[in-house]
Amino acid sequence: MELDHTLGCGQAFRWSSDGCWHFGTVCSAALKVRLTPEGLECRSSPPLKAGFIRSYFRLDDDLDAIIAGMTRHFREKGDRHLKEAVQRYRGLRLLRQDPWECLVSYVTSIVSNIPKITRCIEKMSRKYGTRLELDGRETYSFPSPEALAAAGAQGLKDCELGFRGRYISELAGEVVSRQIDIGALRSAAYPDARKALMQLMGVGEKVADCVSLFSLDKLEAFPVDRWVQRVARRLFFDDRPVSVRIVREWGMEKYGPYARYAQEYLFHYVRHLPAESLFP
DNA sequence: TGCCAGGCCTTCC
DNA sequence: GGAAGGCATGGC
């Protein structure tokens with residue numbers, strides 16, 4: 001595992017690093033992790049349940065086998081972009097995030113950018129979460145659905161959320177009043193989980209796919225945002241105009257069982273390419 | 001100053 | 001059911 005790639009690739013928004021430790025807030029715990037010759041070292045407050053870290057970092061995913069599968073794929077299909085992405089970011093793992101936090105985070109991400117998303121989430125947590133401390137470092141838990149429902153649209157707008165404040169307020173209200181358990185969708189089939197998510201305010205195809213991929217174990221999901229759409233058009237569709245739906249179906253078909261990892265490696269790869277190499 | 005950003009909702013046809 | 005327009009805010 002490579003922690004810089006895994007925690008810095010933009011799939012989760014509550015991690016930072018001092019070059020030695022990675023500091024994060026996950027659900028209701030402050031934690032810090034680092035890699036040592038003995039493996040993954042983790043400290044947390046309050047102490048996490050046994051197996052949490054294993055689940056969060058998806059340590060049950062056989063990354064070597066997945067990379068071998070993607071390697072086979074790009075050799076057979078001549079996909080040089082996936083090849084370079086895998087070579088450059090080897091060790092990037094998907095995370096298994098908390099579904100509620102993931103859902104709100106990706107509604108926050110609508111027409112935004114990673115620094116701003118990070119700021120909004122920190123403000124929301126500071127205002128509506130509970131205080132945590134680990135080795136003198138202060139942080140705040142991610143707010144519960146009840147806390148965000150009670151916050152109201154204006155309270156959330158004040159967290160730099162803009163029009164997303166209303167989405168999140170109504171979304172939280174729906175989850176509380178209908179007693180929806182987002183995590184229960186883990187046991188649903190991907191199309192059913194996706195459909196259920198899209199019934200919620202502020203959740204369209206892209207957000208539903210991100211939540212499916214990053215928190216609900218939906219292996220087939222291939223989220224298509226502006227970056228993926230633009231890059232797919234540029235690199236794989238000879239600059240022909242192509243809809244989100246077409247790119248999504250193309251990605252799911254093209255990468256099959258590796259869609260989830262292929263998408264994340266490609267996304268991280270293209271975000272770090274110089275602009276002129278993509279759009280000369 | 002004006003454009004753009006990890007889309008979605010609403011309206012209109 | 002598909003195509004436009006509007007949406008808050010900050011960065012560049």
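Any read-out appearing in this document is the output of simple, stated calculations on the displayed coordinates, not a laboratory observation. Predicted model only: the values in this text are computed from it and were never measured. Reconstructed Cβ throughout: ideal geometry from the backbone, glycine too, with neighbour counts over all protein chains shown.
The table below gives the values:
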{"read-out": "Average projection area in nm² (convex hull over Cα atoms of the stretch A:91-159, one quarter of hull surface)", "value": "6.0"}
{"read-out": "Förster radius 35 Å - calculated FRET efficiency between A:Arg72 and A:Val176, Cβ distance, rounded to 0.05", "value": "0.15"}
{"read-out": "Relative contact order [Cα under 8 Å, 6+ residues apart], chain A, whole percent", "value": "18"}
{"read-out": "Dimensionless Rg over Rh [chain A; C-alpha; Kirkwood]", "value": "0.96"}
{"read-out": "Mean Cα-pair separation over length for the stretch A:3-104, i.e. relative contact order, pairs under 8 Å, 6 or more apart, %", "value": "29"}
{"read-out": "Value of [θ]222 nm, deg cm²/dmol, for chain A, DSSP H segments ≥ 4, -39500 (n - 2.57) each, nearest 500", "value": "-15500 deg cm²/dmol"}
{"read-out": "Among A:253-265, A:50-62, the order from most to least packed when residues are scored by Cβ within 10 Å on average", "value": "A:253-265, A:50-62"}
{"read-out": "Relative contact order %, the stretch A:178-280, counting alpha carbon pairs below 8 Å whose residues are six or more apart", "value": "22"}
